[in-house]
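Each remark here refers to the structure printed beneath this line.
The values are calculated or read from the model by the stated rules, or taken from the named source; none is laboratory data. The structure displayed is predicted, hence computed values, not measured ones. In this analysis, Cβ positions are derived from the backbone assuming ideal geometry, glycine residues included, and neighbour counts consider all displayed protein chains. When the accessible area is computed, the model is the full protein with side chains, heavy atoms only, and any ligands, DNA or RNA have been set aside. Shrake-Rupley method; radii C 1.70, N 1.55, O 1.52, S 1.80 Å.
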Amino acid sequence: MSLSMSPAEREEFLAGVHVGVLGVAQVSGPGGTVNVSTGRGTRKAWAIEAAGRFSLCVQDERPPYRYVTVEGPLVAEDATDAERLELARRYLGAEGGDAYIAANPGGTQVMFRMTPEHWLSRDYGRG
């Protein structure tokens, strides 16, 4: 039995709120774009822009372990206010997200939009 997730299982797993592990890939999966936001001018933003691509690993650290990794090239754009609010609410809830945006107006966030080229997933709860 394969431990790989189907595309539908992968999308269901990624729809949840998880900690993602971002890596800058120097080497070269279908789906929509993978969007990551960070402060413009940070070391992370500089490294990602210099590489022109990144990888992301989303994992469940509770047994049985599961993870999805994706890697590909990117386009960098300023994050819109709507995107900032959407992300803040996703991770902090409606009230917390609104409070975060109110306390940090007009942020200088950059949105990295990755076009996935390579996917890898494992679900060790199978079999």
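Remark: the chain carries a charge dipole of roughly 340 debye about the Cα centre, counting +1 on each Lys and Arg Cβ and -1 on each Asp and Glu Cβ. Considering helices alone, the calculated mean residue ellipticity of the chain at 222 nm is -10500 deg cm²/dmol, with DSSP H runs of length four and up weighted by -39500 (n - 2.57) and normalised per residue.
For THR115, the solvent-accessible surface computed with a 1.4 Å probe is close to 80 Å², ligands and nucleic acids excluded. Of the solvent-accessible surface of the chain, computed with a 1.4 Å probe and all protein chains present, 55% belongs to carbon and sulfur. Among the protein heavy atoms, those of ILE101 account for about 40 Å² of accessible surface (1.4 Å probe, every chain in place). Working note: Cα atoms of region 15-127, range along each principal axis, descending, whole Å: 48, 33, 23. Rolling a 1.4 Å probe over the heavy atoms of the protein chains gives the chain an accessible area of 61 Å² per residue.
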